[in-house]
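The values are calculated or read from the model by the stated rules, or taken from the named source; none is laboratory data. Fair warning: this is a prediction, and the values are worked out from it, not measured in the lab. Note that each Cβ is placed from the backbone with ideal geometry, even for glycine, and that neighbours are counted across all protein chains shown. SASA here: full protein model, heavy atoms, side chains in, ligands and nucleic acids out. Shrake-Rupley method; radii C 1.70, N 1.55, O 1.52, S 1.80 Å.
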Amino acid sequence: MSKKIKIIVADDNRNLCQMLQNYLQGQEDLTVVGVANNGLEAWELIQSQEPDLIILDLVMPNLDGLGVLERINSRTTINRPKIIMLTAFGQESLTHQAMMLGVDYFILKPFDLDVLSKRIRSLTQDIPSSQPNHNSSASPIVVSTVGSGLNLCVEVTTMMHQIGIPAHVKGYQYIRDAILMVVEDVSLLGAVTKELYPSIAKKFDTAPSRVERGIRHAIELAWERGHTDTLKRIFGYSMNIERQKPTNSEFIALLADKLRVMSKVS
């Protein structure tokens, strides 16, 4: 059996940590070697366990995710683990700082556990036996590009039809473009109102506020007219679809991440 991927989970939400630990330990090729509820605990575990990958919350007590990243980058003799950072909306400035410190991938709360496990595998499959230290000033965030084996436009269109978004509403075009843009540049999730909406608005010669409203209307239509089984399959891990609808950004983030994973395995 091949060597298991060693993972540290660091988040101040104990329930989330327990859920992640239970799920990841159930995967044959993954193992959780430590769980931390604050940044100082995370740093101690990183030094003692030498993980392959860290699932790191951006905001934690004692030492936040940025502080942990700075300490990781200060090491010169130890291989650098891959970093998946958990982030939430409203943390754009912190997310930008984390990008500069070399986060390998951002994942938005709430998230799909299956998508997370696939992202872990895709990030760690190419770890060499002797990995050079990452210098925070040398390169920004590593965002994997989409492979050519998947026709993303076709996949986005198919997925939107399955969800039940009518093709004639303006939000249909806005959502499709937003998903494709986020697939190529995940950092846009940290600047939805400042960069993503304005870019789409410019393309369609409209206002960013109209883009936001158009996407919201399309999502509402999908929840009113869409196929429950399909919605549960796509969004069931992260929310109760019968009681809540995703925000615009949650909707875009989840579909974009699914496409990124599909592009990795295609």
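Between residue 21 and residue 157, the simple label model (points 7 Å from Cα in the Cβ direction) yields a spacing of 4.8 nm. Per-atom-type breakdown for the stretch 167-231 gives carbon and sulfur 46% of the accessible area (1.4 Å probe, protein chains only). A cut-off of 5 Å between modelled amide H atoms, ignoring neighbours fewer than 5 places along the same chain, links residue 82 with 53, 54. Computed over protein heavy atoms with a 1.4 angstrom probe, the accessible surface ordering of 153, 17, largest first, is 153, 17. Using Cα-only point scatterers and the Debye equation, what is log10 of I(q)/I(0) for the stretch 152-222 at each q in 0.17, 0.19, 0.23 Å⁻¹, rounded to two decimals? These q points yield log10 I(q)/I(0) values of -0.58, -0.72, -1.04.
Using a probe of 1.4 Å on the protein chains alone, the accessible area found for residue 229 is around 120 Å².
Estimated from the Cβ-Cβ distance and a Förster radius of 35 angstrom, the FRET efficiency linking residue 49 and residue 247 is about 0.45. If you plug the beta carbon distance of residue 203 and residue 13 into 1/(1 + (r/R0)^6) with R0 = 45 Å, you get a FRET efficiency near 0.75. Note on residue 70: accessible area approximately 110 square angstrom, rounded to 10, probe 1.4 Å, nucleic acids and ligands left out.
Among 87, 193, 31, 247, the sequence by solvent-accessible area, most first, with a 1.4 Å probe is 193, 247, 31, 87. The spacing between the stretch 200-226 and the stretch 20-65, judged by their C-alpha centroids, is 38 Å.
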